[in-house]
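What follows is calculated from the coordinates using simple rules that are stated; it is not laboratory data. Just so we're clear, the structure is a prediction, and the values are computed from it rather than from any experiment. Positions of Cβ are backbone-derived with ideal geometry, glycine not excepted, and every protein chain shown enters the neighbour counts.
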Amino acid sequence: MLFIIQLILCFSIWNPALAVPEDFKIKRISPEGGFTFEALSSICEDKYGFIWFGSNNGVYRYNSMETVKFINSPDDKTTLRGNYVRSLYLDMKREIWISADHGLSVFDYQCECFRRFQFHDAAGNPRGLNVLQILQIADSTYWMIDSFGFSRIDFKTNTVSYLQLPEDYKNDLIRIATKTEKEDRIWLGGSNGGIYYCDPPYQKVNFFAHARNQNVISILPDGNNLWIGYDWGGADLYTRQGVLTEHFDDNIEGKNKIPSSRVRTIFKYKNEIWLGTFKGLIRMSENGNEVIEKEKYTGLTNNSIYAIYRDSKNGIWIGTWSGGLGYINEWSNNFEHFQRESIIHPLSDNVISSFEETEDGKIVIATEEGHLNYLDRTNHHLTDVRIKGPVGMVNHIKSMHTDKKGTLWIGTFASGVFFKPKGTMDFRKFNQIDDFKEQFYDITGTDEGLWFASSVRGLFYYDYQTLLVKHYTSNNSDPESLSANSVRTLLIDSKGNLWVGTGNGLNKKEKGSDHFIRYFYNQNENNRISSNNIYSLFEDSKQNIWIGTAGGGVTIYDPKTGLFSQLSKKDGLPGNDVYGILEDNNGAIWMSTENGLSAWSPVKKNFRNFDYTDGIQGNQFNPGATFKAKNGELFFGGSNGFTRFDPNQIKENPVAPKVIITGLEINNQTVNQLNEPKIFRQSVMTLSELELQYNQNSLRFSFVANNFLLPQKNRYKYRLTGYSPDWIEIQNDNKAIFTKIPPGNYVFEVIAANNDGIWNDTPTTLDININQPFWKTVYAYLIYLVIILVIFYFLQRELRLRSRLKNSILHERIQRENEEKLHQLKLHFFTNISHEFRTPLTLILSPLSLLRKKLAGQDESMEHLIMIENNANRLIRLVNQILDIRKIELGKMDFQPLPFDIVRLCHEVFQCFSLQDNDRKINFHFESDYSSLFITIEPDKIDKMIFNLLSNAIKYTNEEGTIQLSIKHSGWQPETLDGQHHFSIGNQIEGEYVTIVVKNEGLGIAPSILPNIFDRFYQAPGQLSGTGIGLHLCSEYILMHHGQIDVFTGENLGASFLVRLPVTNDEMGKGIQQTVSQISHYEEQQFQTVGNQTSISKTGKEAVILVVEDNKEMQRFLKTILSDAYQVITASEGVEGLEKVREFNPDLVITDVMMPGMNGIAFCHALKNDLETSHIPVLMLTALSSVENQMEGFETGADDYIVKPFDDRI
């Protein structure tokens, strides 16, 4: 009853002008333009501390960092039943219920979706299609208000049972229900103004009161009273006995008048009653009443109030029309911000330079372009005072000071100094300081006079007694003068000393002295000021001098010890430019910087920082714009007005926030229960454990703290135990990132601090298990073991094979080296032997020439001499070739080219071969495109080359075949035949060249051996004659001439050797291009010494000897020496020999071993295995003298073995 009386007394004197002081601040949460164009009609807090608010267009969830909107989607049954949200309710299970125009929904945190409900009554009629409210009571039963009234819900059967109103009020319709935690009674309000209640066991609705026929839309039980709000009927105050004690409306005059009769919500805040109306929020208290409107509280975006809600941390949420959402926190600090844009009491200019206080407590504010402003702190009224100077109005006021007589002095930019004596209204010009383009940044006084700080001319001192001005300046030659003429700030300390802050150092003028002590920044000294550019000076209650600098933070000078110390950003100061310094009545040091306001606690040794989000004028402040009023209030000015506050009212938020994990990214992809159900099937907020695969190892967590007071100042610490054990602190961000986490078990932990740095020591945790990849499991390691063993086996096997191969290669290399050594020894030996051969060969050939002259005409003797000469020449050619190879190998082969007729050279070699004994009836053909062509060659080497090529051609030409030697011009190209193969040595000749062609008819060269025929000492398989050096020398001779040799050959196509020699244009021009051709056909030469019998006459020569020899000269020689005593028949190879044996049945067979076709061994074997011929003795004649060769012959049946050379007497 006492409260009611007090409330009535308050109402009797209510007047908006006599509002209570502002002890709270409304923070706007909604964005510019609001969350929606209509109202936020209901507000609720969920179990995570997130704030939900409903509108006519869905429901929103705000988590301090972001807002998520939920709306109905007709095709998605996991969305809201309807978008027109009537109310929100948090039940005892801490689940959020949404009552909407199309039914009831409850939010499911597991899937971040909604579960829908549809009910019917006992008759089966659908109900709950337009739900206004849901309510849960202590016995866990749910009650619902829909278009049909107030009903109990049975969720097992989805049926509802309605309670009937009293008979006299049965036409009324329940629209609202209210129940407090402290009582069991449910209060109900009807659309016709009826007020009802329902008590346990909740079987009956009882009438309470009815005062007016208006829709009841708000009910507030308040102790022994009951507040009722109507849609258009104002508000009523009832006692618990149903007695109407007060009515409040907008159409009545006097104590109970309110701004609007539409009272949508009634709320109790501490001992105050708040009425949320169509035209503002009425705050009623014992200290008076206040209309809270958007014009005064900028955080209130609209005056039409729809909902007021208190959260679990005593935060107050206000929902308004146009989607506005405001927030009141009891721990918010009420920094008053005055600026030019203020609606009620604007400043004349936003740039503040200085403050002063009048005797009656008004605050004088000096502005840059807006003159002076006087603030009446009782009503916030600002008065603009203009200063008239000699040439117009004075602007750009830089400093102010009130002296001991009460005179107000002001310093300006470029207008000089003015003063206003106490009790007068006008300012006067101070003419004792002449005008100059300078700024008077500071004025301070003593009992004897005033000090003026000039931006360019140093210091001025005005003496009260002498009325004279003394000028102090900087003198580079005087170390006891000012350190600089740019003076920014002044301080008279408690000992009467003058401190002067300049743009180049700090100065101290001790009382009674005219000299200055200088202090400078010196990086090589520890005891120094932190910067030479001084912005502010202040002496605290302990007589320490605080020096605010540019870029160096603040320096503290202790006069007792003479030591300097520093505080800067690394210590927690928000900025290193300190513009102003003040001490409050509690001993805290306040500093304005380029990055906000900061309070230093000398006791706690820490900073508490404030920025524009706290409500101060901005982060940037101005030097000199600081002031402490007599009542302890502090003023700080900047470029956006000034901030006023009482340090005693600055509070610290003690509520430690809880952290909620709200999002997860895996490998830079956002995952949730919808897009990655294989990872987790519920919302990340409800997860306690997370299992991932080995490649899902880059994680990014999002989280929020449920502190809504300046949430941008929330700070976080997180870590991943087992991976990153140290706490990582972040601010202005709410994400934690971990990359390339190895498989294992981890715990993600995160804690948060609120806007004032109060940490919650209990972390929010999430267990994380990253599985090992298959290749790191036990089964994989078993497989690895098997694989390793198999690999080890094959590796050992491979190593053994490689070792064998290495030894084999080493053996081959040693063998090759030995062979090469042997080859070199052989070659050296052959070379030496060849040198030794030349002398005896010369002694053979020279006498032989004399013998041929003497025995000319004796055919038999001449035949032997020619045989000797031919073989001696052959031997000397072999000797010369061996010597040439040795010279080439040693790089000592001489090459001395000279002009020579290539046609003549080729023709002479041709003549030698065409005149030889030709028992195989070979035809020779010579032709040339030139009759004479001189080119630069070495004739001897070209002669040897052609000789070798013709020798080989004769050796491999078919019987009665043709050998062609041709000389062709450079435009000639050989005719290519099908089946031909080609091989070339030497580079393509650029320019003119001549081609020498040696072509024969025969079997040709096998393609497999074609690339090897020019190799030194190479002999084809089965080749029985030759040394393997002829073609090798040919290729070397051609390369010396920078020529090219090509071979064209094919099966049964013979072989064509094309030798191309370069010719200059001049040589080509001098050549005689005339076709020359010569053909030498076979003509049988008769050597009558020995005939080749085709029949045998036994007369006088009974014994018949068969000679099987492929060498014709050897064959004729044997025939010659045997013909005197025996009849001799001959054969050239084994097959022919067998035919002659069967034809003539000889008495003795003499056979060579090495022959083409069937050799001597095969011939002897065939002869001895034939019964008809096995009795014939066989004498083997060969150059193979080794025991092995002789044994091979004896094993085949040979009767004797004669080694070449032999004596004819044998």
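Things worth noting here:
- For the range 601-753, the number of Lys pairs separated by eight or more positions or lying on different chains, with C-alpha atoms closer than 16 Å, is 7.
- Length added when fully stretched, GLU908-TRP759, from 0.36 nm per residue minus Cα-Cα: 42.0 nm
- The range 369-424 and the range 20-91 have Cα centres spaced 50 Å apart.
- Under the simplified labelling scheme, the SER513-GLU665 pair shows an inter-label distance of 6.3 nm, with each label point 7 Å from Cα along Cα→Cβ.
- FRET efficiency, 1/(1 + (r/R0)^6) with R0 22 Å, evaluated for ALA1020 and ASN1169 via beta carbons: 0.15
- Each helix, a run of at least 4 DSSP H residues, gives -39500 (n - 2.57); summed and divided by the residues of the chain, these come to -6000 deg cm²/dmol at 222 nm.
- Pairwise FRET efficiency - ARG1142 versus SER932, Cβ, R0 = 51 Å, nearest 0.05: 0.35
- If the chain linking GLN796 and PHE947 were pulled fully straight, counting 0.36 nm for each residue of separation and taking away their Cα-Cα distance, it would gain 48.5 nm.
- Degrees, to the nearest 10: 778-854 long Cα axis against longest axis of the chain: 30
- Once the Cα-Cα distance is subtracted from the 0.36 nm per residue extended length, the GLU1102 to VAL68 segment shows a gain of 358.8 nm.
- Between 0 and 90 degrees, the angle of helix 2-12 with respect to the longest Cα principal axis of the chain falls at about 90 degrees.
- Folded to 0 to 90 degrees: helix 1112-1122 orientation relative to the chain principal axis, Cα: 30
- Partners of LYS1070 within straight-line reach, counting lysines whose Cα lies under 16 Å from its Cα and excluding those fewer than 8 residues away in the same chain: LYS968.
- Estimated distance in nm for a label pair at GLU253 and LYS156, the labels positioned 7 Å out from Cα along Cα-to-Cβ: 6.4
- Listed by chain and number, the aspartates and glutamates placed with their C-alpha closer than 12 angstrom to that of LYS182 are ASP222; residues fewer than eight positions away on the same chain are left out.
- Placing a pseudo-label 7 Å from each Cα along the Cα-to-Cβ vector at SER803 and SER688 gives an inter-label distance of 6.3 nm.
- Estimated FRET transfer efficiency (GLU183, GLN110; beta-carbon r; R0 41 Å; 0.05): 0.75
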